[in-house]
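Peer 1: First the structure, which I've put down as structure tokens, then a few questions once you've had a look.
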Amino acid sequence: MHRPPIRLALALACFAGAAAGPAVAKDTGLAYISSEKDSTLTMVDVKTLEVTGVIKTCKRPRHMKFLPGGTQLMVACGDANKADIIDVQTKQSLGTFAFGDDPEAFDLSPDAKTAYISLEDEGALGFFDMATKKLSKSVPVGKEPEGVITSPDGKLVYVTSEVANKVHVIDTASGKVVANIAVGKRPRRFAFNADASELWVSNELGASVSIISTKDLSVKDTINFEVKGMRADDITPVSLAMSKDGKTAYVGLGRANHVAFVDVATRKVEQLVLVGKRAWGVGLNKDGSRLFVVNGLSDDMTVIDTAAAKPLKTIPVGRVPYMVVVDD
Amino acid sequence: MTERAGQQLVAALALGLAAASLHAATLTIGVLSRADDERLDPKRVELGYLGQPGGPISQAVDMAVKESDYELGDAKLQVKVDAVEVADAAGAKAALQKFEKGGAAAVLLDLPAAWIASSATAVKLPLINTADASDSLRASCTPNLFHTLPSERMRADAMAQTLMSRRWQKVLVLYGPSPEDAERSAVAQASIKRYAIKPVAVKPFKLSADPRERALGNPLLLTGGTDYDAVWIIDSDGEFARALPYRTQLPRPVVGDGGLFALGWAPHFERFGSPQLIRRFEKAAHRPMVSQDWAAWIATKAVLEAALEQPASPGAAQVMKALTRPDFVLDGFKGVRVSFRPWDRQLRQPILMTDGQGVVAIAPAEGVLHPKNVLDTLGLDQPESRCK
């Protein structure tokens, strides 16, 4: 993750005490891949596209997110019921802490003081205080909450329920559910468009993406995916990424083994790029020229040239890779 | 609340009676099981035969209702689960009529095939068979009778596909002495034929240590004298089949009711989010979630989702309408959407191949094709079914 130094200094000044990282963030030029069956993160050099090594972490690492400052990567580990903080400069764990039961997806408030975490077994969204490392609140939602995303202003947090087929919208100040939005079957992950006026949510068993208007909290569009020679049942979209310019959305189509390039303005699928088995997590590099797609059932990661819509290389990573975060 | 009462409620709301808005509609789900169920005798359950029930289906029903509490609360829909036990077919018929009169939206059945066959047509409300696998029940084409447990033929087709995909094309078929075994053996042989597997021999076995009957009871003698790639055993009781693996004359795998099983669910399945469902069930019922539990759970989910489409009037008519709609699909935690086949009302679904430890394969096997829905390669497809 890259931030201009001035903004970074400001950010650190604001959250002094919370962040313990080095004063100056340096982009590592690496992509970090979490793999469900390994207790490690795989590092891949973004330029050479070679694996440079692994970082030990807790059991069954899945969701990852950089803390402000861009030097500490927070990892949720499902089987360990923990989160780990990795210092990407030293490639060492700074320590783990209890982080709910079977944690999977989470997001942070803009000030990184609160982590919002889906508590799957409980059917709740947890508010986790990052200073005390304690759950401060839990808001009941539909069963098996999964994807979590915080609005850029931090006032709302959105969470999907895989069982209720809804997106729950929670006011972070009051902890109240302000809307339940019916979307497609088994909603999973989110991405905002460039100005955050739209929230895209993938429906794994709906073979679709629902587009929610963040102004009136209702579904304004649905994109149904089709892949030639495949049936709707084979198309299981999960992970999403939005290009920096906001013009293109990249959607991993799961078992369809393709990534769809969607033109945000027209909602049209412009390209379908073949990747490995069960395209799961997707991530972009900083200038958006490369899309990284981890393939959950072929234990590898495909790197795509986004301008040409062509795969460049497929790199073996860990067992059952889940997510990729690019830090170039 | 009956459907008519529901309509009255809507009318009351329309009239603007303030108090009416406080009342939630009620959805009644009936659960009909057999009294003194010998399959659930603790001594039998203790043996843990794969493919056999592990406890009352009401535990899965309750869990399905509980996991929907958020949506139900949101829709102001109250659910009442009414569990009744009956002793025979006549009792089943009377209970179903009582459920219908009482305004139940659907009834889940954990009854023998014969009881269902003789009572299902006495009512119009949707019935969901969650526990009987017999194909004859599917072939009855009763319009209000749905099935969530995979049929025997679906399981046999899944096994045949798995054997085919392994290139284990020569099988020795052994079948037990009960009438059920004979019926299931015929189904297995139909699947064997469909997938062009060669049955090198079809032999009866008998659970006996009598030296005079050793040709029927001795695994070495039963499995000797011929070559085969696998032994497919049909043993509805389970005791003989359980002891067959590792006791065959040739070092070959055993499949069917011993060794590798084709089941609707397995408690160690770890894909498609299933560990969460399994954990939820174990927490609630204090036992592993087996195929019959999955069938009861998905049946309840089907009724709830159908009712939630019209939460103000969640009656039998609404549930029937939704369940028979071709686009009514459910998430069964098996990776693909599952739905009811319009011809015989069977829930199409993937089948898990398990040895009781892990899930080693999922059917439909990779490479098996179908012009419409590959799940319809398991069980009787539309052109083969008697039902239209």
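The values are calculated or read from the model by the stated rules, or taken from the named source; none is laboratory data. Given the structure is predicted, the values throughout are model-derived calculations rather than measurements. Note: ideal-geometry Cβ built from the backbone for every residue, glycine included; neighbour counts use all protein chains shown. When the accessible area is computed, the model is the full protein with side chains, heavy atoms only, and any ligands, DNA or RNA have been set aside. Shrake-Rupley method; radii C 1.70, N 1.55, O 1.52, S 1.80 Å.
Peer 1: Using a Förster distance of 22 Å, how high is the FRET efficiency between B:Ala201 and B:Arg247, based on the Cβ-Cβ distance and rounded to 0.05?
Peer 2: Calculated transfer efficiency: 0.80.
Peer 1: May I ask you to find the residues of the range A:83-128 that are shielded by at least 50 Å² of accessible area once the whole protein assembly is considered instead of their isolated chain (probe 1.4 Å)?
Peer 2: For the range A:83-128, once contacts with the other chains are taken into account, A:Asp121 lose 50 Å² or more.
Peer 1: Quick one: buried accessible area between B and A, total over both chains, 1.4 angstrom probe, nearest 100 Å²?
Peer 2: Summed over both sides, the interface buries about 2400 Å².
Peer 1: For the pair A:Asp153/A:Val178, report the inter-label distance in nm, with labels modelled 7 Å from Cα in the Cβ direction.
Peer 2: 0.8 nm
Peer 1: Identify all aspartates and glutamates with a Cα-Cα distance to B:Lys321 below 17 Å; exclude those on the same chain that are fewer than 8 residues away in sequence.
Peer 2: Result set, ordered by chain and number: B:Glu3, B:Glu100, B:Glu305, B:Glu309, B:Asp344.
Peer 1: Also, quick follow-up: Could you tell me which of the pairs A:Lys59/A:Lys91; B:Lys124/B:Lys388; A:Lys65/A:Lys176; A:Lys47/A:Lys247; A:Lys277/A:Lys310; A:Lys65/A:Lys247 are separated by over 22 angstrom between their Cα atoms in the structure shown?
Peer 2: Too far apart for the 22 Å limit: A:Lys65/A:Lys176; A:Lys47/A:Lys247; A:Lys65/A:Lys247.
Peer 1: Does a label point 7 Å from the Cα of A:Lys91, set along Cα-to-beta-carbon, have any residues of the range A:295-328 with amide nitrogen under 18 Å, and which are they?
Peer 2: Under 18 Å, as judged by backbone N against the label point of A:Lys91, lie A:316-319, A:325-328 of the range A:295-328.
Peer 1: Given a 1.4 angstrom probe, I'd like the percentage of the accessible area of chain B that is carbon and sulfur, rounded to a whole number.
Peer 2: Answer for chain B is 56 percent, counting heavy atoms of protein chains only.
Peer 1: List the lysines whose Cα lies under 23 Å from the Cα of B:Lys198, skipping any in the same chain that are fewer than 8 positions away.
Peer 2: B:Lys170
Peer 1: Please give, to one decimal in nm, the separation of the simple spin-label points placed at B:Lys43 and A:Asp45, each 7 Å out from Cα toward the Cβ.
Peer 2: 7.1 nm
Peer 1: Which translational diffusion coefficient, to the nearest whole µm²/s, is obtained for the range A:101-182 from the Stokes-Einstein equation, given a Kirkwood hydrodynamic radius over C-alpha pairs, 37 °C and 0.692 mPa s?
Peer 2: Answer, rounded: 270 µm²/s.
Peer 1: What number, rounded to the nearest 500 deg cm²/dmol, is the helix-based mean residue ellipticity at 222 nm of chain A, given -39500 (n - 2.57) per DSSP H run of at least four residues and division by all its residues?
Peer 2: Result for chain A: -1000 deg cm²/dmol, rounded to the nearest 500.
Peer 1: Now, a different point. Which length gain, in nm to one decimal place, applies between B:Ala182 and B:Ala215 when the Cα-Cα distance is subtracted from 0.36 nm times their residue separation?
Peer 2: Once the chain is fully extended between B:Ala182 and B:Ala215, it gains 10.0 nm.
Peer 1: Here's another thing I want to ask about it. Could you provide, to the nearest whole Å², the per residue accessible area of the range A:168-327 with probe 1.4 Å?
Peer 2: About 38 Å² of surface per residue is accessible.
Peer 1: A follow-up question, please. Grab the Cα-Cα distance for B:Arg386 and B:Glu309, subtract it from 0.36 nm times how many residues apart they are, and report the gain in nm with one decimal.
Peer 2: 24.6 nm
Peer 1: Another one. What are the aspartates and glutamates whose alpha-carbon lies under 15 Å from the alpha-carbon of A:Lys113, with same-chain residues fewer than 8 places away excluded?
Peer 2: Candidates past the 8-residue exclusion: A:Asp129, A:Asp153.
Peer 1: What length, rounded to one decimal in nm, is gained on full extension from A:Lys133 through to A:Thr52, with 0.36 nm per residue of separation minus their alpha-carbon distance?
Peer 2: 26.0 nm
Peer 1: Under a 5 Å amide H to amide H cut-off, with H placed in plane at 1.01 Å, what residues pair with A:Ile212 once short-range neighbours are removed?
Peer 2: A:Leu199, A:Trp200, A:Val201, A:Lys220
Peer 1: Send over a whole-number figure in Å² for the accessible area per residue of chain B, probe 1.4 Å.
Peer 2: Spelled out: the 1.4 Å probe surface of chain B, per residue, equals 43 Å².
Peer 1: Calculate the mean, over all residues of peptide B:63-71, of how many other protein chain Cβ atoms lie within 10 angstrom of the residue's Cβ.
Peer 2: Counting Cβ atoms of other protein chains within 10 Å of each residue's Cβ and averaging gives 5.
Peer 1: Taking the Cα-to-Cβ direction at B:Val81 and at A:Asp305 and moving 7 Å from each Cα, how far apart do the two end points lie in nm?
Peer 2: Distance between label points: 5.8 nm.
Peer 1: Using a 1.4 Å probe on the protein heavy atoms only, what accessible surface does B:Asp229 show? Give it in Å² to the nearest 10.
Peer 2: Accessible area of B:Asp229: about 40 Å².
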